[in-house]
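Only one structure is covered here, and it is reproduced in the block below.
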């Protein structure tokens, strides 16, 4: 039985003070959330320790927004797995489209990050997805399959989340149809060859579409960007109902 992972990625938002204010509103809204799902927040690095302290006695788990493949070294602006574990971080997002786009992250680097995360007991959330141009050219499946095969090489499916995030639907207001998102997630599952693999959908997820998305057979959670910045909005997503 695959247990869904509902994760909110704050990206470069939230000071420590803002994170405290957010949690004061959010935590009471998830007190009665069903335990049939994992709830995860990915704060910016500066707010991880603040959030970790606040949620220490709750079911809410913490993710980082990236992780390096070395334990330490001359890697300016990076963060190591051991640094994250000190703050009780459980997950690590790797391969998000923004680092791929803005910092030229390669599939090889993403793979090294994922392997390192697993080696240290973190659960990597490995993001894959195509651009609008790639989809228009009929290349979506080829691009995603390459990202999956190269990004997951040498990893274990037992402590792994894959997030299908069509780049054209991230922060654009466009949403991939639930049935199409489900089809791609099903393809990813077949390529990896694991019926137990957790596969999320991400891309303009909001309260208005969460119930439909979570009713799909191959979607095991969501990776939420903008809608996770509002505690009421993200609480509604966390408390989704299967329709």
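The values are calculated or read from the model by the stated rules, or taken from the named source; none is laboratory data. It should be emphasised that the depicted structure is a prediction, and the values quoted were computed from it without experimental measurement. Every residue, glycine as well, gets a Cβ built from its backbone with ideal geometry; the counts of neighbours run over all protein chains shown.
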Residue among 219, 198 that alone is in contact (Cβ under 8 Å) with a residue 40 or more places away in the chain, surrounded by 18 or more Cβ atoms within 10 Å (Cβ to Cβ) and more than 18 Å from residue 151 (Cβ to Cβ):
219
Exclusive hit being free of Cβ contacts under 8 Å to residues at least 40 places away in the same chain and farther than 18 Å from residue 226 by Cα, set 12, 1:
1
Boolean, residue 169 is modelled with pLDDT of 95 or more and out of contact with any helix residue (DSSP H, G or I) (no Cβ under 7 Å at 6 or more places or on another chain)
no
Going by the structure shown, is residue 39 buried (at least 20 other Cβ atoms within 10 Å of the Cβ) and farther than 21 Å from residue 171 by Cβ?
yes
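Among the residues of the range 82-97, how many are in contact with a helix residue (DSSP H, G or I) (Cβ under 6 Å, 6 or more places away or on another chain) and without any contact (Cβ under 8 Å) to a residue 60 or more places away in the chain?
5
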For the range 11-29, indicate whether the set of residues that are surrounded by 13 or more Cβ atoms within 10 Å (Cβ to Cβ) and touching a strand residue (DSSP E or B) at 6+ places or on another chain (Cβ under 6 Å) is non-empty.
no
Can you name the number of the only condition in (1) under 19 Å from the mean Cα position of the chain (by Cα); (2) without any contact (Cβ under 8 Å) to a residue 24 or more places away in the chain that residue 62 fails?
(2)
Residue check for residue 242: under 15 Å from the mean Cα position of the chain (by Cα) and at pLDDT below 95:
no
